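Beneath this line is the structure, given in structure tokens, with notes to follow.
FYI, it's all coordinate maths here, none of it is from the lab. If you're wondering where the values come from, they're calculated on a predicted model, not measured in any experiment. Note: ideal-geometry Cβ built from the backbone for every residue, glycine included; neighbour counts use all protein chains shown.
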Amino acid sequence: MDYLKIKGGTKLSGSIQISGAKNSALPVIAATILSDKPVKLINLPNVVDIRTLLKLLDILGGTVEHNDTVANIDNGTMNSTKAVYEIVSQMRASILVLGPLLARFGECEVSLPGGCAIGQRPIDLHLTALEAMGAKIEIKGGYVRAEAPNGLQGAKIVFDKITVGGTENIVMAAALAHGTTTIINAAKEPEIVQLCEMIVDAGVNIKGIGTSEIIIEGTRGKPLTFKDVEIIPDRIEAGTYLCAAAITASTITLEKVNATHIDASIDKLEAMGCTFDIEDEKITIHGNSRLKPVSLITTEYPGFPTDMQAQFMAVATMAIGESVIEERLFENRFMHVSELNRLGADIWLKGSIAAVNPVVELNGADVMATDLRASSALVLAGLVANGTTNVHRIYHLDRGYDNLEGKLASLGADISRLSE
Ligand code: EPZ
């Protein structure tokens, strides 16, 4: 197994390019199931989760040519509707094939994804919404078996909770449904906007894109023909590098980034004392060696993202006062706390709130990655810790960060990938 060895204390400088967004690429790949014609995806991030979902398309009988950042997909050859446990258990986002498989083929079986390190993560909202669209659903043998032999019907869906994956599944299902579907309390993330725009470019009428009420007119079962799709920049990867600059009090530039998508992170870093130059697709951050404490609450977009909570916690350890961080989306997304404390941080947890007390310094140690963003928080802490930090179990990082150690090394960090 690989691990990352980081010698802390180096300032960062220079510029890097941000990769395509994993969380946009995944629904875009799932949406290709809505088509029986070839489609080209560009600017894919070169990460394990993308390869896993492309492998699932291949298992379903799709034809996939994939080369780092580009995939040519032809799901005209798809001849299976069973998303097997072996793939779904590797990656929860495989549940995104449920809506499109059911919409295109009128039936499918998708392994139940189960919980994960950050929480239970149920899919009840996806299932009740599909039932409202006329699907018959049963759970048997660990699989969701769904049927809609006469096609899905447009419906009014009111989500009790805002769900990114649930909104994506229903947008995709509704695209081929009979009639109009209205999603109320829809998620508004940029990744949802990209998915809707891809479907609009294929001729489907969607109103309310980027708002909490999305209205989709289905094609009555007719498969779509997509134009090429360029994946939007990864706002969480970008935010993570901003945190790398903040924690090391460095100046770096991010290229190929959309500043609007990371407003919430920029605002918090500004409140902590960092400054920014923003032009077109470029952001330069100037760190500050006397960071102020931060107070933040994770919430849905455009609020502060749960996917940046762990990285901000690492940065907050270097602030000159107590920071307070509240996690509202996932009940167990604090696994990084004990590992950060192993590096000398002073973080106290009470329920969903973490109090991060300032410390004079962090000291290198062996630490264990527990989920994707927790892993990047440990890498950030390693950048400022005295001595050497070894971050183990980095397969979590490889799922979602494209060449993290290469990009950090190009900014001057002393980081290398080694095998246990
Ligand atoms: C997406 O997960 C992201 N994953 C997550 O990114 C991100 O943390 C999350 O949205 C929130 O922003 C992808 O886009 C692939 P949700 P998703 O459905 O869609 C509850 C990362 O690090 N809920 O919006 O699974 C759920 O338990 C990852 O890249 C239900 O109760 O998240 C959570 O508390 C991790 N029932 C809340 O809603 C449901 O049926 C939001 O989850 C669905 C969700």
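Computed 3J(HN,Hα) for region 152-159, one whole-Hz value per residue from the Karplus formula 6.51 cos²θ - 1.76 cosθ + 1.60 where θ = phi - 60°, is 7, 10, x, 8, 9, 10, 10, 6, glycine and proline marked x. Order these by the 10 Å Cβ neighbour count, fewest first: 337, 200, 110. Least to most surrounded, the residues fall as 200, 337, 110. Contact order, relative form, for the chain: 21 percent (alpha carbon pairs under 8 Å, 6 or more residues apart, mean separation divided by residue count).
For the chain, the longest principal axis of the alpha carbon atoms and the long axis of helix 22-31 meet at an angle near 10°.
Rounded to two decimals, the Cα-based Rg/Rh of the chain, with Kirkwood Rh, is 0.98.
Helix 372-384 axis versus longest C-alpha principal axis of the chain: approximately 20°, rounded to the nearest ten.
Positive end of the dipole of the chain (Cβ unit charges, origin at the Cα centre): among 62, 286, 364, the Cα lying farthest that way belongs to 62.
Of the residues 98, 218, 418, the one whose Cα sits farthest towards the positive end of the charge dipole of the chain is 98 (charges of +1 on Lys and Arg Cβ, -1 on Asp and Glu Cβ, taken about the Cα centre). When only the Cβ of Lys, Arg, Asp and Glu is charged (+1, +1, -1, -1), the dipole of region 162-265 relative to its Cα centre reaches about 300 debye.
Phi-derived couplings, Karplus 6.51 cos²θ - 1.76 cosθ + 1.60 at θ = phi - 60°, listed residue by residue for region 222-228: 7, x, 8, 10, 8, 7, 4 Hz, with x used for Gly and Pro.
Relative to the longest principal axis of the Cα atoms of the chain, helix 48-59 runs at roughly 20 degrees. Listed by chain and number, the aspartates and glutamates whose alpha-carbon sits under 15 Å from that of residue 407, ignoring those within fewer than 8 places in the same chain, are 234, 237, 255, 398.
Rounded to a whole number of µm²/s, how large is the Stokes-Einstein D of region 25-79 at 20 °C and 1.002 mPa s, given Rh as the Kirkwood radius over C-alpha pairs?
Rounded to a whole number, D works out at 199 µm²/s.
Amide H to amide H distances under 5 Å link residue 297 with 326, where only residues 5 or more positions off or on other chains count and H is placed in the peptide plane.
In a reduced charge model with +1 at each Lys and Arg Cβ and -1 at each Asp and Glu Cβ, the chain shows a dipole moment near 400 debye about its Cα centre.
Region 202-224 and region 1-25 have Cα centres lying 36 Å from one another.
When only alpha carbons are used to place a centre, region 308-363 and region 72-128 end up 34 Å from one another.
Listed values for region 299-315 are Karplus-derived 3J(HN,Hα) couplings in whole Hz (6.51 cos²θ - 1.76 cosθ + 1.60, θ = phi - 60°), namely 7, 6, 4, x, x, 6, x, 4, 6, 10, 5, 5, 5, 5, 5, 4, 4, and x replaces Gly and Pro.
Backbone amide hydrogens, once placed in the peptide plane, bring residue 82 within less than 5 Å of 109, excluding anything fewer than 5 places away on its chain. The charge dipole of region 13-90, taken about its Cα centre with unit charges on the Cβ atoms of Lys, Arg (+1), Asp and Glu (-1) only, comes to about 120 debye.
Past the 30 Å Cα-Cα mark, which pairs from 140/350; 188/268; 136/207; 40/282; 136/222? Spell out each step's value before the answer.
Details: 140/350 38 Å; 188/268 20 Å; 136/207 27 Å; 40/282 26 Å; 136/222 21 Å.
Pairs exceeding 30 Å: 140/350.
The H on the amide N of residue 15, modeled in the peptide plane, is under 5 Å from the matching H of 253, each at least 5 residues off or on a different chain. Ordering 309-318, 388-397 by mean Cβ neighbour count within 10 Å, with the highest value first, yields 309-318, 388-397.
I want the local charge near residue 339. Using Cβ-Cβ distances under 14 Å, sum +1 for each Lys or Arg and -1 for each Asp or Glu among the other residues. Walk me through the numbers before you get to the answer.
Working: positive: 333, 342, 373, 393; negative: 346, 366, 371.
Combined, the nearby Lys, Arg, Asp and Glu give +1.
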